[in-house]
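Just below is one structure, and these are the notes that go with it.
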Amino acid sequence: LIAFFQPKRLAGQRVLITAGPTFEAIDPVRGITNHSSGKMGFAIARAAQEAGAQVTLVAGPVHLPTPAHVRRIDVQSALQMHDAVMPLAAAHDVFIATAAVADWRPVAAAEQKLKKDGSGCPPAIEMVENPDILAAVARLPQRPYCVGFAAESHDLLRHAQDKRARKQVPLLVGNLGPATFGQDTNALLLVDEHGHRELPQADKLTLARQLVAEIATRLTPPTR
Ligand code: CTP
Ligand code: CA
């Protein structure tokens, strides 16, 4: 019922969200991933939908139910997330990158399970950097309003300000990890061109609704 009475601040807006970790295969049974429950991204998808938006959620491997009336696209790797997001981005008004994208992937996944060879020497796994999905969307000529996230273990404000500038996004949301990973509560630090503001400790859905309200105030009304 509370959901039903959320103000329709995003009516007519199309919102694209990435959430969860990515998984980069090493071989058929192993891979590299990040800590991320996906809870914050899924809560934002729910809050944006409640606020009247059409929501597309591109999710890495997580065990969470799809919020009602949200279009969900499941992916595994950063490349798959990139390839799902890029063709959709220009047709959205807002892009919110909450995903914990793996920064590197093995150059190629082995087709067969790597076996210990008895030498005691671990295999050398050559890695390459993954594309920066948020920065790529922020560079599009037809870019949506872009919101980045940063989980930092220390110097949150400075890192959030640096990331905002580096990725050329108007709004960067910081949170302190790993203390918040998988938890149901969090606190967020909003960094924009005017400065910064804290959304104090609360459950993730409450924070998601506050963040959606903040984003709505920053959007120009849709012209379509
Ligand atoms: N991001 C992304 N694609 C990547 C890496 C990050 O879209 N390949 C997005 C994240 O979803 C997040 C923001 O960029 O919104 C910041 O991610 P973060 O990992 O904190 O930044 P990095 O640039 O990867 O810097 P580092 O991990 O070195 O701190
Ligand atoms: Ca990273």
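The values are calculated or read from the model by the stated rules, or taken from the named source; none is laboratory data. Here the structure is a predicted model, which is why all the values come from computation and not from measurement. Note that we place each Cβ from the backbone using ideal geometry, even for glycine, and neighbour counts take in every protein chain shown. Just the protein is used for accessible areas: all its heavy atoms, side chains included, with ligands, DNA and RNA removed. Shrake-Rupley method; radii C 1.70, N 1.55, O 1.52, S 1.80 Å.
Please go through the stretch 154-204 and give me each residue that is in contact with a helix residue (DSSP H, G or I) (Cβ under 6 Å, 6 or more places away or on another chain), within 16 Å of ligand 2 (Cβ to nearest atom) and over 18 Å from A19 (Cβ atoms), ordered by number.
L176
Given the criterion among the aliphatic types (A, V, I, L, M) and part of a loop (DSSP other than H, G, I, E, B), identify the matching residue among V191, V169.
V169
Quick one: how many residues across the stretch 57-103 are assigned to a helix (DSSP H, G or I), open to solvent by 50 Å² or more (accessible area, probe 1.4 Å) and more than 16 Å from ligand 2 (Cβ to nearest atom)?
Qualifying residue count, the stretch 57-103: 3.
Mind listing just one residue for me: the one in the stretch 139-150 that is touching a residue at least 40 places away in the same chain (Cβ under 8 Å) and of a type in the set (A, V, I, L, M) and, of those, farthest from A216 (Cα to Cα)?
L140
Out of all the residues in the stretch 129-137, is one or more of a type in the set (D, E, K, R), part of a loop (DSSP other than H, G, I, E, B) and closer than 20 Å to N175 by Cβ?
Filtering the stretch 129-137 for residues of a type in the set (D, E, K, R) gives 129, 132.
Filter once more, so that each one left must be part of a loop (DSSP other than H, G, I, E, B): 132.
If we keep only those that are closer than 20 Å to N175 by Cβ as well, we get 132.
Looking through the stretch 129-137, at least one residue is of a type in the set (D, E, K, R), part of a loop (DSSP other than H, G, I, E, B) and closer than 20 Å to N175 by Cβ.
Could you tell me which of the residues V29, V55, V70 is more than 19 Å from T180 (Cα to Cα), more than 15 Å from ligand 1 (Cβ to nearest atom) and out of contact with any helix residue (DSSP H, G or I) (no Cβ under 6 Å at 6 or more places or on another chain)?
Only one candidate passes the filter, namely V29.
Select from the stretch 173-187 the residues that are closer than 12 Å to L199 by Cα, of a type in the set (S, T, N, Q) and crowded, with 16+ Cβ neighbours inside 10 Å and list them in ascending order.
N175, N186
Residue-wise test of (1) small (G, A, S); (2) away from ligand 1 (no atom under 11 Å from the Cβ).
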site	(1), (2)
A110	yes, yes
L114	no, yes
R164	no, no
T180	no, yes
Q201	no, yes
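So the check is Cβ under 7 Å with 6+ separation or different chains; which pairs have a first residue in the stretch 25-45 that's modelled with pLDDT of 95 or more and among the aliphatic types (A, V, I, L, M) and a second one that's within 16 Å of ligand 2 (Cβ to nearest atom) and open to solvent by 10 Å² or more (accessible area, probe 1.4 Å)?
I26/I32; M40/T98; I44/T98
Just name the residue that is surrounded by the most Cβ atoms within 10 Å (Cβ to Cβ) out of those in the stretch 109-138 that are within 29 Å of F181 (Cα to Cα) and without any contact (Cβ under 8 Å) to a residue 24 or more places away in the chain.
Only one residue tops the list, namely M127.
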